[in-house]
Amino acid sequence: MKTSKKILSVLLTLTLVLALSVCAFAANGPYTITIDNTATGHTYEAYQIFTGDLSGTTLSNITWGSGVDGAALLTALKGASISGLDFSKCASAADVAKVLSDAKLGADATATQAFAQIVGQHLSKTVAGTSTAVTGGYTISGLNAGYYLVKDKDGTQKSTDSYTRFMLEVVADVKAAPKGTVPTVEKKVKENVKATPDDTNYGTGYNDVADYSIGDTVPFELIGTLPENYADYTTYNYVFHDTASAGLTINAASVKVYVDGTEITTGFTTALDGQTLTVTFADLKTITSVNANSKITVKYNATLNSGAAIGLPGNPNEVYLTFSNNPNQGGQGDTGKTPTDKVIVFTYELDTTKVDGKTNAKLAGAEFELYKTDGTTPSYAIVANGKVTGWTTDETAATKLTSDANGLFKVAGLDDGTYYLKETKAPDGYNKLANDVELTISATTTNGQSWVSGTASDALTALNITSGEKTTAGNISTGTVALNVENNSGSTLPSTGGIGTTIFTVAGIVLMIGAAVVLVTKRKVSGEDRK
């Protein structure tokens, strides 16, 4: 939609005598075209291409209508190369009409479309009839008998829509149904734990919302459709524009493309520029298996990285399509753009505080390992700067999580699910836990195909942690859940060595007393002997 003149030349040809049904016959007119179209944003105009004398349903004595520059159109047609139509010997509007009539072409024939393309480039400024928007469509009334080209009014079309143009034979009141739908695109992310509905449409687990641990591989898929008038195009440009938030690292090497469920390896290019992945079909028509009912699917993986947002606002990922909406120029020129479709990935944080089991005092120096299990093999968390970077089945490589002066250690980037804390070292003076601490992080997310608001808080609505029989609410905004782990101090034993010292002291005193007694006794005996 760059200029009115250009718009005129890129209108979408839909039909010659398309979807025509006689509603009421009026021998002398005037006639009305009723366009059944529920799409908003369409303002239609009619241009008379041929006029003449009406007898029954036959138009005779045909001349150029008021809606075309007949001389310029005739010159263009005589120089045109249209398979099945030879206008080179035509000298009048009647001659052109006879060539069309003799060819007995269908409304969707390539030659019919080519003729309409040339007509569309030689319209005059004379608009026929009176155009009126009505519920569920549009009417153009006050038309004389003839052939008309009906198109969108210049400058009224939305970028998300396709242009409509079609030729109608008007010899009575008629109804027409435009054939110009536009492609659509949906994006889905695979949830690895929770059940998701509508799996048959997208594949098991694929929906609008998921949660993962940092370091996990997150599968995505893009599903694109085509317009019902895809066959009208000679070339068709079709591009997926996919953008991930900073918390997701797209793996360009993982991209796979499918047409109706069958993988293809040619006919497209991929490019990754920062956080944006594009999958470009410069000309989808080169893939012969594609038709108007086809679905084009792109699948790829991304990694939830250390830059992932914890809790809200989550880690959104979105896609839109750009597509040809101009069959009049063979699919080249102006393009349309679909609305954006979004999915979102969440991750959470576990805050653990080590406390005295009796006084609730914060305890520093406790060491733990965090692990999860598939029922047979434990996987231990590898943590850097408080965030998960991966998992290992080698316990010797597990990160030791040490409580600080406030008794706290944090692990961010966790999926919801069940985990275990294994104490490997107790604080000084405390007993090491005999059993590992089991805990479950539970996030209530909108797992389905109905997250249409695009608002993160509508996708994550609750967060809890359960350990033992106690469940505690977490903080959705920060994505954190908190847990206290208690330790009990060791037993105070009686002091050793004190009794022995006392015994030795008492024994020493007794010996001293005994020695004194002996000395005194000896002196007394000696005195008596002298006597």
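Coordinate-derived values only; no laboratory data. Here the structure is a predicted model, which is why all the values come from computation and not from measurement. Note that we place each Cβ from the backbone using ideal geometry, even for glycine, and neighbour counts take in every protein chain shown.
Using Stokes-Einstein with the Kirkwood hydrodynamic radius over Cα pairs, what translational diffusion coefficient do you get for the range 185-345 at 25 °C and a viscosity of 0.890 mPa s, in µm²/s rounded to a whole number?
150
Under 14 Å Cα-Cα from residue 387, which aspartates and glutamates qualify once same-chain neighbours fewer than 8 residues away are excluded?
Those aspartates and glutamates meeting the cut-off are 216, 349, 351, 369, 415.
May I ask you to derive the FRET efficiency for residue 477 and residue 318 from their Cβ-Cβ distance with R0 = 30 Å, giving the value to the nearest 0.05? Walk me through the intermediate numbers first.
Working: r = 22 Å, r/R0 = 0.73.
Efficiency, from the Cβ-Cβ distance: 0.85.
For the residues 478, 288, 338, what sequence is obtained by ranking on other C-beta atoms within 10 Å, fewest first? Write down the numbers at each step before the final one.
Values: 478 15, 288 7, 338 21.
Ranked by crowding around the Cβ, least crowded first: 288, 478, 338.
Just rank 389, 461, fewest to most, by other beta-carbon atoms within 10 angstrom.
On the way: 389 16, 461 11.
Fewest-to-most Cβ neighbours within 10 Å comes out as 461, 389.
For every other residue with a beta carbon closer than 13 angstrom to the beta carbon of residue 414, add +1 if it is Lys or Arg and -1 if Asp or Glu, then tell me the sum.
Details: positive: 372, 387, 410; negative: 211, 216, 349, 351, 415, 416.
So the surrounding residues net to -3.
Where q = 0.09, 0.12, 0.20 Å⁻¹, what log10 of I(q)/I(0) comes from the Debye formula for the range 348-487, counting one point per Cα?
Here the Debye-derived log intensity ratios amount to -0.29, -0.51, -1.24.
Over 24 Å between Cα atoms, which of 125/337; 187/337; 295/337; 194/299 qualify? Don't skip to the end; give the middle numbers.
Numbers: 125/337 29 Å; 187/337 15 Å; 295/337 17 Å; 194/299 20 Å.
Over 24 Å Cα-Cα: 125/337.
Using the crude model of +1 on Lys and Arg Cβ and -1 on Asp and Glu Cβ, and no other charge, please compute the dipole size for the range 220-309 relative to its Cα centre, in debye to 20. Can you show the working numbers first?
Values: 4 positive and 8 negative charges, 35 e Å.
Once rounded to the nearest 20, the dipole reads 160 debye.
Given the peptides 468-475, 187-194, 272-279, 78-85, arrange them by the average over their residues of other C-beta atoms within 10 Å, most packed first.
Working: 468-475: 11.9, 187-194: 20.8, 272-279: 15.4, 78-85: 13.6.
Per-residue Cβ counts within 10 Å, averaged per peptide and sorted highest first, yield 187-194, 272-279, 78-85, 468-475.
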